[in-house]
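Coordinate-derived values only; no laboratory data. The structure presented is a predicted model; accordingly, all values stated were derived computationally and were not measured. Reconstructed Cβ throughout: ideal geometry from the backbone, glycine too, with neighbour counts over all protein chains shown.
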Amino acid sequence: MDPLLKAMTLHDPDSTHVVAYADDIVLLVAGNTRRQVIRSTERALEIINSWANVRGLAFSKEKSVMVPLKGGLVPGFTARFGDSTITSVEHTKYLGLTLQSNFYFDLHAINLLESSTDMFSRLKSIRKSKWWTSPELATMIYKAVYIPRVTYGATTWFNRLRNKEDIKKKLTSAQRRTLLAITGAYKTSSTHALQVITGTPPIVQHIQYKIDIENGTTPEEAKTKCLDEWQTLWNNSSKGRWTFSFLPSIRQRLVTPITFDHYTCQIITGHGDFNYKLHGFNLVDNPTCSCGHTIEDARHILEDCTKANQHRVRLRRTMELSGASWPYENTEYIKNRKSWEALTIFATCYLKDKEKERLERR
């Protein structure tokens, strides 16, 4: 490529630049008018075409496009390229980034989220089938596949979108869908709660964490900044307050190896097979518990529902062996693995019993 780069530089060093990677070439052309831009582009393309012909190479005219990056040029104009023409378009993809007019990256973010979220939609289908995928494996896929895809090239595109609240909401919405697939939680569960349960930072903070490291911030400093911002968001959120009673500290959650599944998430989010919640969506006739209590919610099931007595006895026995005495705060469950496992067993046994009773009544 050196001879080509030299030829381009000698041709028009101020307005023409070539960026090459593998077999992809980007030609950047500047000009004061559309006519000047087209003229400079055609001269540069003539040099490129001659260089390729001498070496027995050919460029794909079908894959060659122009994108006006700034200056208000309206796509649709053309430029000669050998015996063909190149048409200008609103956007194109280069090295994994969708480039738009005026250096917008909105479409890149949207396309990226759609393709990445589709992967977890398939994962959710697998979870419902006999080829069940564990939350641990799903979390590993999220960290090893989803995050690298979403953060790819973020130093280029994210700063252009930082102040666009609609794009940030779409980023968060896409992350929410993946976390629902990972946890098996009810769709009404708080996004903030899902992030804490899975130990995955809000996507905007995670992207900024990656950018900070690429810009020279030490991993330790970038992590501290990310966790501090995440903790502030969690403290100030009006959502997921029942989950907050279990997991108020982000740092403690991250150093505590907890498991979660469809049933545990119901108990710790408060969103699930509880008449109080279901009644709010007109899915059951009343919010009362079958034990006679006026409200069946997660707190009632965990603390005083008589129908859960058998399961609760086992739960409290484990908690007492761990040093806790009733009544205790929900934060006691995360202090050690056995306590959390006991909570998981309680949630699974009670909610499966309820499912069984409902099937028997049909």
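Would the chain count as rounded, prolate or oblate if I go by the C-alpha gyration tensor, calling it rounded below 1.5 in a/c and otherwise prolate when a/b exceeds b/c, oblate otherwise?
Judged from the Cα gyration tensor, the chain comes out prolate (a/c at least 1.5, a/b above b/c).
Determine the principal axes of the Cα atoms in the range 104-255, then give the extent along each, sorted from largest to smallest and rounded to whole angstroms.
44, 35, 26
Within the set of other residues whose C-beta is less than 11 Å from the C-beta of SER339, count the net charge using Lys and Arg as +1 and Asp and Glu as -1.
Local net charge: +1.
What does DSSP give for the chain in terms of the percent of beta bridges that are antiparallel, rounded to the nearest 5?
95 percent
Give me the angle, in degrees from 0 to 90, between the Cα long axis of helix 309-321 and the longest principal axis of the Cα atoms of the chain, rounded to the nearest 10.
It works out to around 80 degrees.
To check my understanding: the extent here is largest minus smallest coordinate of the Cα atoms along each principal axis. What are those three numbers for the range 3-94, in Å, largest first?
Over the range 3-94, Cα extents along the principal axes are 37, 28, 24 Å.
So for SER88, SER173, fewest C-beta neighbours within 10 Å to most, what's the order?
Sorted ascending by nearby Cβ count, the order is SER173, SER88.
Taking Cα centroids, how far is the range 133-192 from the range 316-331 in Å?
One Cα centre to the other: 35 Å.
Which aspartates and glutamates does LYS338 reach when only Cα atoms under 17 Å apart count, and residues fewer than 8 places away in its own chain are ignored?
ASP261, GLU320, GLU329
Under 15 Å from the Cβ of ASN236, count the other residues' Cβ atoms, weight Lys and Arg +1, Asp and Glu -1, and hand me the total.
0
Sorting TYR263, TYR350, TYR186, TYR333 on the 10 Å Cβ count, fewest up front, what's the list?
Neighbour counts put them in this order, fewest first: TYR186, TYR263, TYR350, TYR333.
Would you please classify the overall shape of the range 191-238 from the alpha carbon gyration tensor, given that a ≥ b ≥ c denote the square roots of the eigenvalues, rounded means a/c under 1.5, and beyond that prolate means a/b larger than b/c while oblate covers the rest?
prolate
Between beta-carbons, use under 10 Å as the cut-off and find the net charge around ALA222, counting Lys and Arg +1, Asp and Glu -1.
-1
Cα-Cα over 25 Å: which of LYS335/LYS356; LYS93/LYS164; LYS169/LYS239?
LYS335/LYS356
So for the pair ASN282, ASP353, with labels modelled 7 Å out along Cα→Cβ, what separation do we get in nm?
Result: 3.3 nm between the two label points.
Cβ neighbours within 10 Å, averaged per peptide: list 322-328, 280-286, 141-147 in order, most packed at the top.
For the peptides 322-328, 280-286, 141-147, the packing ranking is 141-147, 322-328, 280-286.
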